[in-house]
Number of protein chains: 2
Amino acid sequence: MQYRKELDKINSYKPGKPIEELRRQKKLTKIYKLASNEIPFQPAFIKNVVNKELKNINRYPESTCFYLRDKLAKNFKINPDSIVFGNGSDEIITLALKAFIDKKDEVIIAYPSFLVYQIQAEIFGAKVIKVPLENYSYCLGKIAKKITKKTKIIFIANPDNPTGTYINQEKMDDFLKKVPKDVLLFFDEAYFEFAPEDFPKSIEILTRRKNMIIARTFSKAYGLAGLRIGYGITSKKIAQLLNKVREPFNVNRIAQVSAQAALENKDFVKKVVSFINKEKSYLYKNLDRLGVFYPKSATNFILVDFKKDTKKLYEYMLDQGIIIRELSGWGLGNFFRVTVGTRTQNRKFIKSFENYIRRIRK
Amino acid sequence: MQYRKELDKINSYKPGKPIEELRRQKKLTKIYKLASNEIPFQPAFIKNVVNKELKNINRYPESTCFYLRDKLAKNFKINPDSIVFGNGSDEIITLALKAFIDKKDEVIIAYPSFLVYQIQAEIFGAKVIKVPLENYSYCLGKIAKKITKKTKIIFIANPDNPTGTYINQEKMDDFLKKVPKDVLLFFDEAYFEFAPEDFPKSIEILTRRKNMIIARTFSKAYGLAGLRIGYGITSKKIAQLLNKVREPFNVNRIAQVSAQAALENKDFVKKVVSFINKEKSYLYKNLDRLGVFYPKSATNFILVDFKKDTKKLYEYMLDQGIIIRELSGWGLGNFFRVTVGTRTQNRKFIKSFENYIRRIRK
């Protein structure tokens, strides 16, 4: 079979264990998933628009996401033609690679960071240059030093996943001076709604530096992960290129109308963010009490440095009905990542974690 | 900007005009879309499962489409691991190219046929060999003759789009003898539910010839185009490869549960097919009366040979609120494609078409 032999070297992305899967494996009445940085509630307000849209479900969606595009453009005061929609912001990543990468081109990523950059870049035949994090953060100075004539894209997860740290405006401005204009900067801002005030004003940066894509999503703060919709804000020219390489009907109808409703219900995200911040404080306080280290997070998840292998902890948690994220795929075997949940979920997580620590100390 | 310069040569796919778009352009109360081979009704039975699934909408979908996979495997009596799901069957096409095509590999297509094969193959850097149709049908003998050592994939739309013709079991068996084992055969069977009895038993062929993908969809006979879900049936090895190159959450939750419901409501597709056949006869009869030629269709659409440019006809129809498909993008400027609709829609189409013919004859 004549498939591309490079694929043999590629390790697939391993998602957080779905609730449904754990339910199939263990007989548990309550399962708390704190593994995939989903918010712990649904935006109930989409129910009406979803039901209304069912009457059009036999029809292909609008390829351009016309109404959503219009609403989003007004929301950010940008040109509608500078937006690209994706089947989740994951797809914005692959579209950028598909439009920009020829074999052996170089892509720079931080390591460890969001795994999809490396996986998809390698699938598209790129040479991936990894720059280690320092003190749980992107080391932009070292990234800039790795730029060569072959560098096509630099992926910057800001805030970062799985560390939860972020790059502020000042550091970003400094970095921008060092990046040649012909290098595409890809800012993955999946968690930007959770980030603090000194977070870079990337849309404003885009007015000065066109060769850039800002990827955002309705999957996190908006609570629409199950529908698959994300977007890229970029220059008109790059939007055109990404639209050229995507499939014509990549965003389903339900996602389009729900994302519109989400933009109309701005209070929801505000409430989500303040809820998450409060619960994050609760988790911080308890993790401090347990004496474990974590970098401060600008997101809705926390990376915990357990200082020893977390495989057994992960399994123990599953037995308790709690799904956390084990990070061996990131080379972080001594860490785990936990998503901020409801108070009930967070309390149960802390209690189980505490019990586990006691058990292994005995 | 260092994007892939090959993209400059690529013409994007132009979808049929959406109802919403025509509504924005013209003040019309009734719009009939007969442009994208959608069936003219909705599967109302999905309402319950969709509403139930909304409570999980903040959670990512299962990457494996576990329950749907299980149901589909039982439906076709195949191994669940031999199925790949896509964001529409369009995505199965791009996944195959992504897994198999290195630059300058050859891909064979018939011309004109479904445009996405050529567009996406060229985006992935393939050299596309086009074999002209003969008498509105695939000429399999000539396709076989174009196979070289560089041939990676042969795309066969069966039934074909935009002609509506099909290849029967006998002709397919004959063709299979001529295709080397290391060439991937891609059978695009988006319309197979509408095809007659002597249609090739492709799942049975797959048991003998592993290097094959059968792409099918819930967008046509099942009436779920707005949700985006299709699938490929293939060998376990190829399913693994396609799963490796896809994004982890490519099929949304609403599509997964609705497709499951669709498989449980088998009567729906039966009713759709018999409805379409009846209405197709109505259209045939009237097209005969008007003296225009069309090849007999094994699908829910008809290709009409108008013998003169159809641009003005297309515009006239839009003014009447009827969207047909003009085919200049296929090099078929003298043809149009019309989807079989309800009796009201078909009658209105025939009436408007007849009026147009009278007008230009004056």
(message) So in the range B:100-127, with the set limited to residues that are buried (at least 22 other Cβ atoms within 10 Å of the Cβ) and among the small types (G, A, S), which one is modelled with the lowest pLDDT?
(response) B:S113
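Every residue, every condition in (1) away from chain B (no Cβ under 12 Å); (2) touching a strand residue (DSSP E or B) at 6+ places or on another chain (Cβ under 7 Å); (3) modelled with pLDDT under 95, yes or no:
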| position | (1), (2), (3) |
| --- | --- |
| A:T29 | yes, no, yes |
| A:N37 | no, yes, no |
| A:N48 | no, no, no |
| A:D70 | no, no, no |
| A:I92 | no, yes, no |
| A:L95 | no, yes, no |
(request) Go through the range B:158-251 and tell me which strands (runs of 3 or more DSSP E), entirely inside it, have 3 or more residues that are free of Cβ contacts under 8 Å to residues at least 12 places away in the same chain and within 25 Å of B:L332 (Cβ to Cβ). (result) none
(message) Can you say whether A:L185 is facing another protein chain (nearest Cβ under 10 Å), at pLDDT 95 or above and crowded, with 20+ Cβ neighbours inside 10 Å, as far as the supplied structure shows?
(response) no
(message) For the range A:66-99, give me each residue that is within 17 Å of A:L241 (Cβ to Cβ) and outside any helix (DSSP H, G or I).
(response) A:N79, A:I83, A:V84, A:F85, A:G86
(request) Would you point out which residue out of B:L206, B:L242 is crowded, with 19+ Cβ neighbours inside 10 Å and away from every other protein chain (no Cβ under 11 Å)? (result) B:L206
(request) Determine whether the range B:57-66 contains at least one residue that is of a type in the set (F, W, Y), facing another protein chain (nearest Cβ under 8 Å) and in contact with a helix residue (DSSP H, G or I) (Cβ under 8 Å, 6 or more places away or on another chain). (result) yes
(request) With the checklist (1) more than 22 Å from the chain's Cα centre (by Cα); (2) more than 7 Å from chain A (Cβ to nearest Cβ) in hand, flag the one item B:K17 doesn't pass. (result) (1)
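The values are calculated or read from the model by the stated rules, or taken from the named source; none is laboratory data. Please read all numbers here as calculations on a predicted model, not as lab measurements. Cβ: placed from backbone, ideal geometry, glycine included. Neighbour counts: every protein chain shown.
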